[in-house]
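A quick write-up on the structure given underneath.
The values are calculated or read from the model by the stated rules, or taken from the named source; none is laboratory data. This structure is a prediction, so every number in the text was calculated from the model and none was measured. So basically every Cβ, Gly included, is an ideal-geometry build from the backbone, and we count neighbours across all protein chains shown. Heavy atoms of the whole protein, side chains included, go into the accessibility calculation; ligands, DNA and RNA do not. Shrake-Rupley method; radii C 1.70, N 1.55, O 1.52, S 1.80 Å.
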Protein chains: 2
Amino acid sequence: MPDLLTIGELSARSGVAPSALRYYERLGLIRADRTGGNQRRYARAELRRVAFIRISQQVGVSLDEIREALDSLPEARTPSPQDWARLSASWRSRLDERIRLLSRLRDDLDGCIGCGCLSLQRCTLNNPEDTLAGEGPGARLVLPRPTDDPTLASSLN
Amino acid sequence: MPDLLTIGELSARSGVAPSALRYYERLGLIRADRTGGNQRRYARAELRRVAFIRISQQVGVSLDEIREALDSLPEARTPSPQDWARLSASWRSRLDERIRLLSRLRDDLDGCIGCGCLSLQRCTLNNPEDTLAGEGPGARLVLPRPTDDPTLASSLN
DNA sequence: GTGTGAGTTGAAGTGGACTTCAACTCAAGG
DNA sequence: CCTTGAGTTGAAGTCCACTTCAACTCACAC
C-alpha cells in the first residue's frame with residue numbers, strides 16, 4: 001500500500017533533479033518520510049505535487065506563490081481530484097493573460113514587420129491597456145516585468 | 001538634427017531604469033555618445049534598440065542572444081526598417097512556439113480540471129512531442145527549462 | 001561481510017538581470 | 001556664483017532557482 005519512492009525514483013519519474021527536489025522540500029513545497037537510515041521516501045502523492053509545481057512554473061508562477069497555493073491543500077487527507085482542480089483553475093487566468101499578451105505581441109510584431117516600424121511608434125504595443133493616450137504625446141513601451149514608471153512619453157523618431 | 005537624449009530621458013521614454021540602460025551598455029546592447037563632462041547622450045535610434053530589447057525579452061530571449069541579434073545590424077548606417085523587420089521576424093518562430101506551448105498547457109489544464117486528474121496521467125502534457133509512447137509505460141513531464149534526462153517513466157498512481 | 005551505487009548534509013557557488021551604494025562631477029536656473 | 005537635481009564610476013549586493021562540493025552514510029546484491 002505505501003509503495004514509497006526514493007529520491008532517485010521520484011527524480012526519474014518527474015524529470016526533476018534530486019537537488020531540485022531537496023530544494024523544494026526545504027522551501028516546503030513537498031515532503032518526504034524518512035527511513036531508519038535517514039533517507040527520503042516519497043509517497044506517490046508527491047508526484048502530483050511535483051507535477052503541479054512544474055506546470056505552475058510554466059505558467060510563470062514563482063516557487064513562493066506555488067508554495068502558498070500548495071499550502072491551501074488539506075493537510076489531513078490526500079488531496080482529492082477536486083482539490084487539484086481548484087488549484088489548477090487558479091492559474092488559469094494567469095495563463096490566459098500570458099497567452100493574450102504573447103499573441104498580441106505576435107500580431108503587433110507582424111504588423112511592425114510589415115510596415116518596418118518595429119519602433120512601436122504607431123502600433124498597439126505602445127499602449128498595453130489601450131488607455132494611455134491622454135498622458136502626453138507618443139509612445140510607451142510594454143512593461144514585461146514589474147516596472148513602476150507611469151511617467152513615460154513621447155515619440156520615437 | 002542630433003537631438004540627443006540624456007539617460008534620464010531615455011529611461012522615461014523607454015520605461016527602462018537608468019541602471020538597466022548602463023547595464024545594457026556594458027553588455028554592448030546599446031551605445032551612447034558622451035558630453036565634454038562625460039555624461040551619456042543617446043541618439044534617438046537607441047530608443048528603437050531598447051524597444052527591441054524589451055520586446056525580445058518578452059519573447060523569452062536572453063540578453064546574450066539579443067546582443068548577438070543586434071550585432072547583426074549594420075554598423076555603418078542607422079538600421080533601416082527592413083533591418084528591424086528582419087530581426088523581429090527572427091523571433092517570430094520562438095514566439096509561435098511559446099504561444100503554442102502555453103495554449104496547449106491551457107487546453108490540457110482544462111481537460112485535467114474537468115477530469116480532476118491534474119497529475120498529467122493521461123493527458124497530452126505527458127508527451128510534449130507526442131512521440132514518447134514507446135519508452136516504457138506511463139507519464140512523463142513537460143520539461144520547461146532545459147533538463148537532459150530522457151530516462152523518465154512510469155505512472156503516477 | 002563487502003563493494004558499489006544511491007543518498008545525506010550544510011555551505012558555497014552559479015547565472016541572469018539588474019539594483020544599490022558611496023563618493024564624486026556636471027549642467028542649468030536663479 | 002551657487003545650489004540642486006541629474007549623472008558618473010566600480011564594486012558589491014540582491015533575488016531566484018537551482019547546482020556543486022566534500023565528507024560521509026545507507027541499502028542491497030553477491
Inset, instruction - Run the dipole for segment A:1-121 about the Cα centre, Lys and Arg Cβ at +1, Asp and Glu Cβ at -1, nothing else charged, and hand back the magnitude in debye, nearest 20. - result: 360
Inset, instruction - Select from segment B:62-95 those trypsin sites (Lys or Arg not before Pro) which occupy a DSSP coil region and have at most 15 other Cβ atoms within 10 Å, ordered by residue number. - result: B:Arg77
Legend entry - Listing of segment B:14-39 residues, each with accessible area lower by at least 40 Å² in the full protein assembly than in the chain alone (probe 1.4 Å): B:Gly15
Inset, instruction - Report Rg/Rh for segment A:7-92, rounded to two decimals, where Rg is the Cα radius of gyration and Rh the Kirkwood radius. - result: 0.95
Inset, instruction - Quote to one decimal, in nm, the extra length available between B:Ser93 and B:Asp3 on full extension: 0.36 nm per residue of separation minus the C-alpha distance between them. - result: 28.8 nm
Inset, instruction - Order these peptides, B:54-63, B:97-106, by their mean beta-carbon neighbour count within 10 angstrom, highest first. - result: B:54-63, B:97-106
Inset, instruction - Return the carbon/sulfur percentage of the accessible area of segment A:7-92, one whole number, probe 1.4 Å, all protein chains in place. - result: 46
Legend entry - Teacher prompt: B:Pro74 distances to equivalent labels in other copies, 7 Å Cα→Cβ, nm: 6.9
